[in-house]
Amino acid sequence: MFTIEAKRVLTPVTKLIVVQAPMVARKARPGQFVILRCTESGERIPLTIADYDREKGTITLVYQEVGKTTRLLGRMGVGDAILDLVGPLGMPAELPREGRVLCVGGGVGVAPVYPKAKAMHEMGVDVVSIIGARSADLLILEEEMRAVSTAVYVATDDGSRGHHGFVSDVIKQLLERGEQFDEIIAVGPILMMRACVEVTRPYGVKTWVSMNPIMVDGTGMCGACRLSVDGKTKFCCVDGPMFDGHAVDWAEAVRRSRIYLEEEKIAVDHMNCAEGGCRP
Amino acid sequence: MTSKGSRVEMPRQAPKERIKNFYEVALGYTPEMAMETARYCIQCKKPGCVKGCPVNVKIPEFIEKIAEGDFAAASRIVKETNSLPAICGRVCPQEEQCEKYCVLGKKGEPVAIGRLERFVADWEAENMKIDTPPEPVHPTGKKVAVVGSGPAGLTCAGDLAKMGYRVTIFEALHAAGGVLVYGIPEFRLPKSVVAREVEYVKSLGVEILTNVIVGRTITVDDLFEEGYEAVFLGTGAGLPKFMGIPGENLNGVYSANEWLTRTNLMKAYLFPEYDTPIKTGRRVAVVGGGNVAMDAVRCALRLGAEEAYIIYRRSEQEMPARAEEVENAHEEGVVFKFLTNPVEVIGNEAGWVTGLKCIKMELGEPDASGRRRPVPVQGSEFVIPVDTVVMALGTSPNPIVSQTTPGLRIHDWGGLIVEEQTGLTTREGVYAGGDAVTGSATVILAMGAGKTAASAIHRYLTEKQGR
Ligand SMILES: Cc1cc2nc3c(=O)[nH]c(=O)nc-3n(C[C@H](O)[C@H](O)[C@H](O)COP(=O)(O)OP(=O)(O)OC[C@H]3O[C@@H](n4cnc5c(N)ncnc54)[C@H](O)[C@@H]3O)c2cc1C
Ligand SMILES: Cc1cc2nc3c(=O)[nH]c(=O)nc-3n(C[C@H](O)[C@H](O)[C@H](O)COP(=O)(O)OP(=O)(O)OC[C@H]3O[C@@H](n4cnc5c(N)ncnc54)[C@H](O)[C@@H]3O)c2cc1C
Ligand code: SF4
Ligand code: SF4
Ligand code: FES
């Protein structure tokens, strides 16, 4: 059973859990993810493995409550068990072993960036980081990121901390003032990743993104997660999730992420309703 | 000898009713109907039917017991050679197998062997407690790993357990059963029937670990290291194919795998009681002519589509789907567009499907398979307005295991290379069978392969001990 061993509330809508999953922990590498399901009638959702401890047999997940499944998960506490959890899925990130790398995390995307930054830092890479959120109270894992970076820049949409604006603005400033990076890794909401990629494109700096399309099985069986990279169809769950951001068809990816908008609303309404909170 | 009974039609839900629900279409025989049907069999001394069955079910013998009203005895006879009769009775392509070779079929109609098999299996489930299997006589103390819990894996595991092995099945998904749970819909094969068979295999002492992907969570090498002495790969053929035509990534285009997995495994037809959604347009086109296409199109109707099309590039005679299911689809109002091939999926500004552009085909010279090859008719393009397109073009084996197991060799098309009589792969101690070896085939063939491999594994481990 996938028992929750520890839980931290990072922001009102972002939670970190440490889950007992020895087989997954034994194989996990930075960049990989799991798919889990909370209840018998539940949906399967992907979450990145934000950290792992092979000795203790645990993995760490950080998630933002955006819809029904993540809200259900948010209510689970220490001692509760997640019904199903499978992984590690996806290709491990191919991380550089030297040089200077810029790690960019937006919103809950800081969580998936962290294991990569940590792994590179441990290999001796000079890691510079930018973390962002809508406002200061939604920033996560700042301490953890500082521990593995030589510099950390902060950006908030409302200016309540650090740069007033998007993480992509900060990338631009750094590139404009001539800072050199061998690679950039940007992870976060799809629109944020697209903005970052557009900023770096004129500079020709290799920019990796971690795509997050809708998934079902996570093993290449359904094709729900397909996206176009360099004009070719790829299955994110087996070919990714990391791709060269300059080769991704962003319009298609954004459009596909919205397929179930209507149903996602219905699911949340149905959940509220079942709990006596029906809207009149 | 002349026939006394008659081939009784099995009662079915009326088409207008059944397209509004996911309950089983064929409702089953009453004991009287079964006995009447059983008396129709003339008890051939040299029965052709048995040769047509890939696992050689003792057909005249079990049918005789039904005619006598001794259903328990009939059930025992069936189970001697077929451990999943409730499933085979429902989904075997009988018209290509047992019933094709029934002598009565030459002049009139063959005996309804599949329906009788289903009857005894269902009767047993309702009326007899599953006999607790006897303790294995010689628990060998040896461990065998089975990868995949489809019909191949379940059969192999069950047989090995009966021979005294400690068997663990590793299954990637959260539920056991393979295509039987994620692909074939409830209205053709109720999931409770699959669950019953899975429970039976567990009752033999088999452990089933779901949520384990071999090649990701654990590798074949790890399994050997953990003390498993042989491995059976029953990983199926789960990779979907797309056509490579423009517009295939538009919103509203599904692979049949995704369409059926959402519907069956995740129960999207019960949304929002179940959380997984599916987008069913008013008009749905399913591309393909096999069982998978029939299942997908009939799901579309039940999910609420007003118009449902089958788009198939050859003609009706060439369709590989089971005759019974094609007939069911016709009755339910599915529109068949034969000799029609998609060339482009058309979408609107927002990226949603609005139509399927097709070209008319005509039959030319026979191809390698002996079927006349469909060739496009120049300038005959036309657009069928639809909101959803489901691609049911066949599947190929998933490379996750072969890519992570040194020494395993595969054919160009992805199938595992094995020795036919044993299922032995190119790696010592590793056996394989079912769709992973043959590509998409049938439940009964997958079971047969599981059985073959189980005896080969038994021989291998016995010999190895002697060495
Ligand atoms: C490889 C991968 C790794 C991911 N890692 C993380 C992670 O570490 N932490 C985290 O919080 N989230 C992560 N996600 C996103 C996460 O899977 C979704 O937030 C989750 O599926 C939402 O489910 P829900 O039922 O709560 O919300 P829903 O009601 O299903 O969706 C609510 C909103 O979330 C967005 N959404 C839905 N599905 C996805 C999706 N698969 N990916 C991205 N956005 C989606 C949509 O904008 C939607 O409107 C990851 C996604 C992928 C594909
Ligand atoms: C929609 C549909 C309808 C069909 N209708 C019929 C019909 O009417 N009659 C008929 O006879 N046949 C039918 N078939 C074909 C039949 O279902 C298959 O031939 C049969 O299920 C093959 O059995 P299998 O055990 O080889 O593989 P599968 O049933 O495919 O099972 C393979 C299992 O292995 C698991 N797996 C795969 N990779 C891994 C891994 N790396 N680690 C762990 N687990 C793994 C999969 O999740 C799956 O559960 C149909 C198929 C489909 C898709
Ligand atoms: S297993 Fe299939 S082929 Fe054999 S007798 Fe039963 S229905 Fe016929
Ligand atoms: S061939 Fe037909 S009639 Fe003869 S034994 Fe078989 S089922 Fe009965
Ligand atoms: S999630 Fe099904 S193929 Fe990627």
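Here's the yes/no breakdown for (1) out of contact with any helix residue (DSSP H, G or I) (no Cβ under 9 Å at 6 or more places or on another chain); (2) at the interface with chain B (Cβ under 10 Å from one of its Cβ atoms); (3) more than 16 Å from ligand 4 (Cβ to nearest atom); (4) at pLDDT below 95:
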position	(1), (2), (3), (4)
A:213	no, no, yes, no
A:231	no, no, yes, yes
A:235	yes, yes, yes, no
A:250	no, no, yes, no
A:264	no, yes, yes, yes
A:275	yes, no, yes, yes
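Just name the residue that is farthest from ligand 1 (Cβ to nearest atom) out of those in the range A:46-71 that are open to solvent by 20 Å² or more (accessible area, probe 1.4 Å) and touching a Lys or Arg at 6+ places or on another chain (Cβ under 9 Å).
Out of the qualifying residues, it is A:54.
Among A:218, A:245, A:240, which is surrounded by 14 or more Cβ atoms within 10 Å (Cβ to Cβ) and within 12 Å of chain B (Cβ to nearest Cβ)?
A:218
Identify all residues within the range B:289-304 that are open to solvent by 10 Å² or more (accessible area, probe 1.4 Å) and more than 12 Å from residue B:263 (Cβ to Cβ); write none if there are none.
Of everything in the range B:289-304, those that are open to solvent by 10 Å² or more (accessible area, probe 1.4 Å) and more than 12 Å from residue B:263 (Cβ to Cβ) turn out to be B:290, B:291, B:292.
Which of the residues spanning the range B:12-57 are open to solvent by 40 Å² or more (accessible area, probe 1.4 Å) and touching a Ser or Thr at 6+ places or on another chain (Cβ under 9 Å)?
Passing the criteria: B:36, B:39, B:54, B:56.
Residue by residue through the range B:337-356, note down the ones that are open to solvent by 30 Å² or more (accessible area, probe 1.4 Å) and more than 25 Å from residue A:260 (Cα to Cα).
B:337, B:338, B:339, B:341, B:343 - these are the residues of the range B:337-356 that are open to solvent by 30 Å² or more (accessible area, probe 1.4 Å) and more than 25 Å from residue A:260 (Cα to Cα).
Any residue in the range A:169-178 that is among the small types (Gly, Ala, Ser), assigned to a loop (DSSP other than H, G, I, E, B) and more than 14 Å from chain B (Cβ to nearest Cβ)?
yes
Tell me, which residue of the range A:82-102 that is of a type outside the set (Lys, Arg), at pLDDT below 95 and not in a strand (DSSP E or B) is most open to solvent (accessible area, probe 1.4 Å)?
For the range A:82-102, the residue satisfying everything is A:94.
Yes or no: the range B:188-198 includes at least one residue that is outside any loop (DSSP other than H, G, I, E, B) and within 14 Å of chain A (Cβ to nearest Cβ). Walk me through how you get there before you give the answer.
Of the residues in the range B:188-198, the ones outside any loop (DSSP other than H, G, I, E, B) are B:191-198.
Adding the requirement that they be within 14 Å of chain A (Cβ to nearest Cβ) leaves B:191, B:195.
Looking through the range B:188-198, at least one residue is outside any loop (DSSP other than H, G, I, E, B) and within 14 Å of chain A (Cβ to nearest Cβ).
Hand me the list of strands (runs of 3 or more DSSP E) wholly inside the range A:186-280 holding 2 or more residues that are more than 13 Å from ligand 1 (Cβ to nearest atom).
Fully inside the range A:186-280 and qualifying: A:207-210, A:226-229, A:232-235.
Only one of B:157, B:74 is within 23 Å of residue B:50 (Cβ to Cβ) and either open to solvent by less than 30 Å² (accessible area, probe 1.4 Å) or within 16 Å of ligand 4 (Cβ to nearest atom) (or both). Can you tell me which? Spell out the reasoning first.
Details: B:157 fails: within 23 Å of residue B:50 (Cβ to Cβ).
Every option except B:74 fails the conditions.
Considering only residues that are among the aromatic types (Phe, Trp, Tyr) and open to solvent by less than 10 Å² (accessible area, probe 1.4 Å), look in the range B:248-288 and name the one that is nearest to the chain's Cα centre (by Cα).
So the first thing to find is which residues in the range B:248-288 are among the aromatic types (Phe, Trp, Tyr), and the list is B:254, B:259, B:269, B:271, B:274.
Those left that are additionally open to solvent by less than 10 Å² (accessible area, probe 1.4 Å): B:254, B:259.
On the way: B:254: 20, B:259: 16 Å.
Once the filter is applied, the top-ranked residue is B:259.
If I filter the range B:310-326 down to residues being under 15 Å from the mean Cα position of the chain (by Cα) and open to solvent by less than 10 Å² (accessible area, probe 1.4 Å), which single residue comes out as nearest to residue B:388 (Cα to Cα)?
Here the residue is B:325.
If residue B:88 satisfies all but one of (1) open to solvent by 30 Å² or more (accessible area, probe 1.4 Å); (2) in contact with a helix residue (DSSP H, G or I) (Cβ under 8 Å, 6 or more places away or on another chain); (3) not charged (D, E, K, R), what's the number of the condition it fails?
Answer for residue B:88: the failing condition is (1).
Considering (1) closer than 17 Å to residue A:62 by Cα; (2) part of a loop (DSSP other than H, G, I, E, B), say which one residue A:118 fails and leave the rest.
(2)
Among the residues of the range B:391-401 satisfying the criterion of being within 11 Å of chain A (Cβ to nearest Cβ) and closer than 30 Å to residue B:347 by Cα, which is surrounded by the fewest Cβ atoms within 10 Å (Cβ to Cβ)?
The residue in question is B:396.
Quick test for you: out of B:80, B:99, B:117, B:126, pick the one residue that is farther than 25 Å from residue B:450 by Cβ, assigned to a helix (DSSP H, G or I) and away from ligand 5 (no atom under 16 Å from the Cβ). Before the answer, list the steps.
Values: B:80 fails: farther than 25 Å from residue B:450 by Cβ; B:99 fails: farther than 25 Å from residue B:450 by Cβ; B:117 fails: farther than 25 Å from residue B:450 by Cβ.
It is B:126.
Can you tell me which residues in the range B:405-418 are of a type in the set (A, V, I, L, M, F, W, C), in a loop (DSSP other than H, G, I, E, B) and open to solvent by 30 Å² or more (accessible area, probe 1.4 Å)? Working first, answer last.
From the range B:405-418, those of a type in the set (A, V, I, L, M, F, W, C) are B:408, B:410, B:413, B:416-418; that's our starting set.
Filter once more, keeping what is in a loop (DSSP other than H, G, I, E, B): B:408, B:413, B:417-418.
Passing the criteria: B:413, B:417, B:418.
Rundown of residues vs (1) within 14 Å of another protein chain (Cβ to nearest Cβ); (2) in a loop (DSSP other than H, G, I, E, B); (3) touching a Cys at 6+ places or on another chain (Cβ under 8 Å); (4) open to solvent by less than 70 Å² (accessible area, probe 1.4 Å), yes/no style:
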site	(1), (2), (3), (4)
B:380	no, yes, no, yes
B:383	no, no, yes, no
B:389	yes, no, no, yes
B:403	yes, no, no, no
B:420	no, yes, no, no
B:427	no, yes, no, yes
B:436	yes, no, no, yes
B:448	no, no, no, yes
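Sort out which residues of the range B:77-102 are of a type in the set (Asp, Glu) and more than 17 Å from residue B:448 (Cβ to Cβ), and write them in order of number. Reasoning before the result, please.
Of all residues in the range B:77-102, those of a type in the set (Asp, Glu) come to B:80, B:95-96, B:99.
Correct list: B:95, B:99.
On the given criteria, is residue B:55 within 27 Å of the chain's Cα centre (by Cα), part of a loop (DSSP other than H, G, I, E, B) and either more than 14 Å from every other protein chain (Cβ to nearest Cβ) or away from ligand 5 (no atom under 16 Å from the Cβ) (or both)? Full working, then the answer.
Values: within 27 Å of the chain's Cα centre (by Cα): yes; part of a loop (DSSP other than H, G, I, E, B): yes; either more than 14 Å from every other protein chain (Cβ to nearest Cβ) or away from ligand 5 (no atom under 16 Å from the Cβ) (or both): yes.
Answer is yes for this residue.
Determine, yes or no, whether residue A:268 is within 24 Å of residue A:32 (Cα to Cα), away from ligand 4 (no atom under 16 Å from the Cβ) and β-branched (Val, Ile, Thr).
In short, no.
The values are calculated or read from the model by the stated rules, or taken from the named source; none is laboratory data. The structure presented is a predicted model; accordingly, all values stated were derived computationally and were not measured. Because the Cβ atoms are built from the backbone with ideal geometry, glycine has one as well, and the counts that use them run over all protein chains shown. The accessibility values were calculated without ligands, DNA or RNA, using every heavy atom of the protein model including side chains. Shrake-Rupley method; radii C 1.70, N 1.55, O 1.52, S 1.80 Å.
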